[in-house]
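Chemist: Structure incoming, see below.
No value in this document is a laboratory result; all are computed from the given coordinates. Keep in mind that this is a model prediction, so the values were computed, not measured. Note that we place each Cβ from the backbone using ideal geometry, even for glycine, and neighbour counts take in every protein chain shown.
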Amino acid sequence: MYTDAACNPSTKSAGLAWIIDDAGSSSSHSATATFVASPLTAETLALRDAMTSALHCGINALLICSDSQILINLVNSREDMSRSPFSSRIFNSYLLSLMSLSLNSFLD
């Protein structure tokens, strides 16, 4: 699964995109978001939407590819996100839900 996002700081809007590349098929998806505080938040939203789409498609194991090294490091760390310099309640809840979806999909 490939994810990406673009954020416009002046309008606080973002474009989100993801590609789910399954063994026999590939599908591309996109969405927009408003009130996006930062590029990292936009990348997190794209990853959240992509994982949700994958789960709805019945995919239970994922390889996540993103150009946001910070986000990938945070998701892989599985640490207490409150110690992150990017800490905020909304951002942390997204990361925790991503980690939960990721762990659940690999455990099923």
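Chemist: For the range 1-79, rounded, prolate or oblate, judged on the Cα gyration tensor with a ≥ b ≥ c (square roots of eigenvalues), a/c < 1.5 rounded, else prolate if a/b > b/c?
Modeler: Oblate shape, in that a/c is at least 1.5 and b/c is the bigger or equal ratio.
Chemist: Net charge around Ser53, counting only other residues with Cβ within less than 15 Å of its Cβ (Lys, Arg = +1; Asp, Glu = -1)?
Modeler: With Lys, Arg at +1 and Asp, Glu at -1, the net is -3.
Chemist: Quick one: if the Förster radius is 25 Å, what FRET efficiency do Ala23 and Thr52 give, using the C-beta to C-beta distance and rounding to 0.05?
Modeler: After rounding to 0.05, the efficiency reads 0.80.
Chemist: Cβ neighbours within 10 Å, averaged per peptide: list 24-30, 54-60, 39-45 in order, most packed at the top.
Modeler: Per-residue mean Cβ counts within 10 Å order the peptides as 39-45, 54-60, 24-30.
Chemist: Check each of the chymotrypsin sites (Phe, Trp or Tyr not before Pro) in the range 1-53 and keep only those in coil by DSSP with at most 15 other C-beta atoms within 10 angstrom; list them in order.
Modeler: Those that pass, being in a loop and sparsely packed, are Phe35.
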